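Chemist: Quick one: the structure is below, questions incoming.
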Amino acid sequence: MAKIIVVTSGKGGVGKTTTSAAISTGLAQRGHKTVVIDFDVGLRNLDLIMGCERRVVYDFVNVINGEATLNQALIKDKRNETLYILPASQTRDKDALTTEGVEKVLNELSEEFDYIICDSPAGIEKGAQMALYFADAAIVTTNPEVSSVRDSDRILGILQSKSRRAEQGLAPVEEYLLLTRYNPERVEAGEMLGVKDVEDILAIPLLGVIPESEAVLKASNQGVPVILDNESDAGQAYDDAVSRLLGDQVEHRFLEVQKKKGFLSRFLGGK
């Protein structure tokens, strides 16, 4: 049976789709057969970040409605043999997702895949509730600002009370914190919450801290998951997060202000 992981947040624009693309790619790179599903019906973006938007013929809603099979709708990633994408519909209403329909698709995928990553819409509307309901684990994605963290706290409450695991009295949903767009200089200046501040508020294990980076926007525009840019801080941070998700002990990086090299040091190639 596959492990179902939802990437969620209370607030929009915090990097959920970037995270879903990076985490699913990282798992697949390590040999795990992985599928990533876009739950944001009407606002499809995952296929753009994964670079497969021109290959979308059928989508998640088509499968739920019996208009296409999973085999017809799944798109195989161009870069990785063990990674597949199930895109959202751009033309349907969010009410097109039904509990029965989503459960049927997830059950079918569970027979074939090791991991199912659910890219949730922000907030608590229907698509988000569907993605949250079936989760075995949740990656709560937040920016280091008060409103984003507060909204994420609300999502944790829903996971603990309204998930299928909560309803059935099973072990609780595993919860992980992913802090995105982190800038140590702005933290030092008091313009942004620090890692410990966010940890104290949400009180869930820290999966990763993704530094603010131009590489994220560049990768998105190129249709390439940023984790594949292993020269960038953001790419390395996502790779570390995947390792931690799989149980490895990896020290957190990019939490401190980086000292800039002096001219002589750069000239001589020093560090």
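Chemist: More than 22 Å from Ala137 (Cβ to Cβ) and either of a type outside the set (A, V, I, L, M) or part of a helix (DSSP H, G or I) (or both), is that true of Gly51?
Modeler: In short, yes.
Chemist: Still on this structure, please answer the following. State yes or no: is Arg54 surrounded by fewer than 20 Cβ atoms within 10 Å (Cβ to Cβ), under 18 Å from Ser243 (Cα atoms) and either basic (Lys, Arg) or out of contact with any Ser or Thr (no Cβ under 8 Å at 6 or more places or on another chain) (or both)?
Modeler: So Arg54 does not fit the description; no.
Chemist: Another one. Among the residues of segment 129-140, how many are open to solvent by 10 Å² or more (accessible area, probe 1.4 Å) and either touching a Ser or Thr at 6+ places or on another chain (Cβ under 7 Å) or among the hydrophobic types (A, V, I, L, M, F, W, C) (or both)?
Modeler: Going through segment 129-140 one residue at a time, the tally reaches 2.
Chemist: Exactly one condition in (1) closer than 20 Å to Glu145 by Cβ; (2) surrounded by fewer than 18 Cβ atoms within 10 Å (Cβ to Cβ); (3) among the small types (Gly, Ala, Ser) is not met by Ala234; state its number.
Modeler: Answer for Ala234: the failing condition is (2).
Chemist: Which is of a type in the set (Lys, Arg) and within 14 Å of Thr19 (Cα to Cα), of Arg186, Arg181?
Modeler: Checking each option against the conditions leaves just Arg181.
Chemist: Here's a follow-up. Testing Ala22 on (1) open to solvent by less than 10 Å² (accessible area, probe 1.4 Å); (2) under 16 Å from the mean Cα position of the chain (by Cα); (3) more than 16 Å from Ala241 (Cα to Cα); (4) in contact (Cβ under 8 Å) with a residue 60 or more places away in the chain, one condition comes back false. Which one is that?
Modeler: Of the numbered conditions (1) open to solvent by less than 10 Å² (accessible area, probe 1.4 Å); (2) under 16 Å from the mean Cα position of the chain (by Cα); (3) more than 16 Å from Ala241 (Cα to Cα); (4) in contact (Cβ under 8 Å) with a residue 60 or more places away in the chain, the odd one out for Ala22 is (3).
Chemist: If you don't mind, another one. Would you tally the residues in segment 141-167 being in a helix (DSSP H, G or I) and open to solvent by 50 Å² or more (accessible area, probe 1.4 Å)?
Modeler: Number of matching residues: 10.
To keep it simple, each residue is scored yes or no on (1) within 15 Å of Thr34 (Cβ to Cβ); (2) surrounded by fewer than 20 Cβ atoms within 10 Å (Cβ to Cβ).
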position: Val63; (1), (2): no, no
position: Asn71; (1), (2): no, yes
position: Lys78; (1), (2): yes, yes
position: Thr91; (1), (2): no, yes
position: Leu97; (1), (2): no, no
position: Lys104; (1), (2): no, yes
position: Asp114; (1), (2): yes, yes
position: Cys118; (1), (2): yes, no
position: Gly127; (1), (2): no, no
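Chemist: When the residues of segment 80-89 are narrowed to those that are of a type in the set (A, V, I, L, M) and not in a loop (DSSP other than H, G, I, E, B), which ends up surrounded by the fewest Cβ atoms within 10 Å (Cβ to Cβ)?
Modeler: Leu86
Chemist: Any residue at all in segment 105-113 that is at pLDDT 90 or above and among the small types (Gly, Ala, Ser)?
Modeler: yes
Chemist: Using the structure shown, decide if Tyr58 is part of a loop (DSSP other than H, G, I, E, B) and of a type in the set (Phe, Trp, Tyr).
Modeler: In short, yes.
Chemist: Applying the selection to segment 175-195, what residues are without any contact (Cβ under 8 Å) to a residue 60 or more places away in the chain, within 24 Å of Gly123 (Cα to Cα) and either open to solvent by 70 Å² or more (accessible area, probe 1.4 Å) or assigned to a loop (DSSP other than H, G, I, E, B) (or both)?
Modeler: Met192, Leu193, Gly194, listed by residue number.
Chemist: I would also like to ask the following. Hey, does segment 244-254 have a residue that's at pLDDT 95 or above and open to solvent by less than 40 Å² (accessible area, probe 1.4 Å)?
Modeler: Taking every residue of segment 244-254 in turn, at least one turns out to be at pLDDT 95 or above and open to solvent by less than 40 Å² (accessible area, probe 1.4 Å).
Chemist: Of Val198, Val226, Val216, Val209, which residue is surrounded by 16 or more Cβ atoms within 10 Å (Cβ to Cβ) and more than 16 Å from Lys16 (Cα to Cα)?
Modeler: Val198
The values are calculated or read from the model by the stated rules, or taken from the named source; none is laboratory data. This is a predicted model, so every value here is computed, not measured. Because the Cβ atoms are built from the backbone with ideal geometry, glycine has one as well, and the counts that use them run over all protein chains shown. Protein only, heavy atoms only, side chains kept; ligands, DNA and RNA dropped before computing areas. Shrake-Rupley method; radii C 1.70, N 1.55, O 1.52, S 1.80 Å.
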